[in-house]
């Protein structure tokens with residue numbers, strides 16, 4: 001592939017720890033304070049950031065968990081879509097959960113189109129704890145807190161791409177052996193080979209283990225700030241954007257028609273944009289749902 005014909009694809013990324021305000025959900029004190037210091041980006045911010053960074057497909061990853069419920073961030077961002085019609089031609093496929101933005105006035109030598117893609121990081125039940133999967137290309141909500149295999153089957157039957165999320169991270173991870181078994185049994189479509197928020201030790205182990213499986217597995221950022229969404233990503237032929245579909249993206253992943261690129265989210269950034277809001281929200285979650293918090297801390301074998 002010629003370098004100029006490549007675009008970046010961010011398959012798992014959160015532009016902010018919190019969802020944007022939807023005018024309905026009640027906000028806790030910790031959420032209100034955090035958002036005051038670290039504002040949630042708008043859809044326009046996300047689209048412009050993607051174009052500047054040559055991200056042809058940019059995930060907005062919902063996060064469905066037993067503590068926070070169904071995450072509506074993509075749906076809320078979707079309501080901002082027509083605010084961008086002054087600068088972009090819009091097209092979408094709601095059943096696959098994506099919106100295409102093409103600049104009305106293109107700039108030569110620059111990326112002029114990006115796909116904003118809904119992915120759903122779904123917390124499932126596995127053994128005595130939880131395991132996360134990333135579901136791509138499904139417009140309907142995939143429920144959390146159900147059995148891991150049952151949830152993966154449901155997502156695949158809905159036409160989604162199912163990827164084992166941070167398989168070696170410990171808490172809320174299925175473990176690499178389980179991820180490999182599910183891949184060989186065709187229960188999932190892929191495995192995150194590198195997660196920019198995980199440790200060097202964990203990532204190195206995963207990459208070494210997956211290297212012998214005879215196929216490529218994608219790198220992801222799993223970032224919680226808009227500026228870090230492409231800390232780790234895959235690059236693909238820009239032809240994917242011409243007539244974008246989830247089936248074409250799945251084919252790219254199935255046949256390994258991509259290159260991985262990765263760096264780490266710094267410890268400081270990870271603390272500010274991920275750990276800090278978790279710690280701030282923990283007392284409220286523990287008070288309301290102590291069993292769910294305990295299970296989320298358990299490490300899968």
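Some observations on this one:
- Equivalent ellipsoid semi-axes, the chain, via Cα gyration tensor eigenvalues times 5, rooted, Å: 27, 24, 18
- Separation of the residue 86 and residue 25 label points, Cα + 7 Å toward Cβ, nm: 2.8 nm
- Summed over all non-identical Cα pairs, the Kirkwood treatment of the stretch 1-123 gives a radius of 15.5 Å.
- Relative intensity, log₁₀ I(q)/I(0), of the stretch 124-224 from a Debye sum that treats every alpha carbon as a point, q = 0.19, 0.23 Å⁻¹: -0.90, -1.29
- Percent of beta bridges antiparallel (DSSP, the chain, rounded to nearest 5): 70 percent
- Cα convex hull, the stretch 50-202: 123 Å³ per residue, rounded to a whole number.
- Separation of the residue 75 and residue 227 label points, Cα + 7 Å toward Cβ, nm: 3.2 nm
- Förster radius 30 Å - calculated FRET efficiency between residue 102 and residue 145 (Cβ-Cβ, nearest 0.05): 0.20
- Efficiency of FRET between residue 263 and residue 52 - r from beta-carbon atoms, R0 22 angstrom, step 0.05: 0.80
Coordinate-derived values only; no laboratory data. On a predicted model such as this, the values are computed, not experimentally measured, just so you know. Every residue, glycine among them, receives a Cβ derived from its backbone with ideal geometry; neighbour counts consider all protein chains shown.
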